[in-house]
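Novice: Got a structure for you, written out below as structure tokens; questions coming shortly.
The values are calculated or read from the model by the stated rules, or taken from the named source; none is laboratory data. Small disclaimer: the values here were computed from a predicted structure and weren't measured. As a convention, Cβ positions derive from the backbone with ideal geometry for all residues, glycine included, and neighbour counts pool all protein chains shown.
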Amino acid sequence: GENVEQHPSTLSVQEGDSAVIKCTYSDSASNYFPWYKQELGKGPQLIIDIRSNVGEKKDQRIAVTLNKTAKHFSLHITETQPEDSAVYFCAASWDSSASKIIFGSGTRLSIRP
Amino acid sequence: DTEVTQTPKHLVMGMTNKKSLKCEQHMGHRAMYWYKQKAKKPPELMFVYSYEKLSINESVPSRFSPECPNSSLLNLHLHALQPEDSALYLCASSPYSGGSLETQYFGPGTRLLVL
């Protein structure tokens, strides 16, 4: 079955700097890669996603890149702000009769003022 | 509106109690999910309903019993739980237009403590 590995497990960056979180997946059939942000005491919220027919996607300060050959994808946050502090999960999914997604282990991002 | 609501927010129950968690969405989504999340871990899939029928049960113990009364509601009935079942229980929904890739939208969760 699919396995998603995520690094680093914790990340601390200075406010205003960039943060990068990396994930690898094992199943070449995976073709949908969402990223979720989970703040303390809340459920995961989708922040950006990418499909396998696209190599990069941007939404304001957030971007995701996908390398299908190497089976890895990354989240880039630029100009980090205190409100970016949260746990971030990458995930992978594929066409199936039900939308089952496999999560990475999570990255706790802290923004230092 | 991409809102999934869950009640209650917090629940404390004894090992002999029976309780239910409720989830509701009004986005017209036809797939709904229950996840369990332990501290500092990713969500773990428990059940998937598509078109109000149970399509995936991830070998969850029978003390957890899901129910989907209609396309907007999802319940999780709890009975004779163990302390290790204490966790954040998350509900999610997705459009499910028949096998295509779809985003799952999560609710805020119910934090359950079993004493």
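Novice: Taking the criterion of being at positive phi and either in contact (Cβ under 8 Å) with a residue 24 or more places away in the chain or loosely packed, with under 14 Cβ neighbours inside 10 Å (or both), would at least one residue in the range B:65-75 satisfy it?
Specialist: no
Novice: Then there is this: Please verify whether the range A:14-25 includes one or more residues that are among the acidic types (Asp, Glu), in contact with a strand residue (DSSP E or B) (Cβ under 7 Å, 6 or more places away or on another chain) and surrounded by fewer than 17 Cβ atoms within 10 Å (Cβ to Cβ).
Specialist: Yes, the conditions are met somewhere in the range A:14-25.
Novice: Give B:Val114, B:Val12 a once-over and let me know the one that is loosely packed, with under 15 Cβ neighbours inside 10 Å, of a type in the set (Val, Ile, Thr), touching a residue at least 24 places away in the same chain (Cβ under 8 Å) and more than 9 Å from every other protein chain (Cβ to nearest Cβ).
Specialist: Exactly one residue qualifies, and that residue is B:Val12.
Novice: Right, here's the next one. Take the conditions crowded, with 17+ Cβ neighbours inside 10 Å, modelled with pLDDT of 95 or more and at the interface with chain B (Cβ under 10 Å from one of its Cβ atoms) and apply them to A:Tyr32. Does it pass?
Specialist: On the way: crowded, with 17+ Cβ neighbours inside 10 Å: yes; modelled with pLDDT of 95 or more: no; at the interface with chain B (Cβ under 10 Å from one of its Cβ atoms): yes.
Considered against the rule, which asks whether it is crowded, with 17+ Cβ neighbours inside 10 Å, modelled with pLDDT of 95 or more and at the interface with chain B (Cβ under 10 Å from one of its Cβ atoms), A:Tyr32 comes out as no.
A quick yes/no check of all residues on (1) among the aliphatic types (A, V, I, L, M); (2) away from chain B (no Cβ under 14 Å):
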position: A:Glu56; (1), (2): no, yes
position: A:Gln60; (1), (2): no, yes
position: A:Ala63; (1), (2): yes, yes
position: A:Ser74; (1), (2): no, yes
position: A:Ser85; (1), (2): no, yes
position: A:Tyr88; (1), (2): no, no
position: A:Ala92; (1), (2): yes, no
position: A:Arg108; (1), (2): no, no
position: A:Ile111; (1), (2): yes, yes
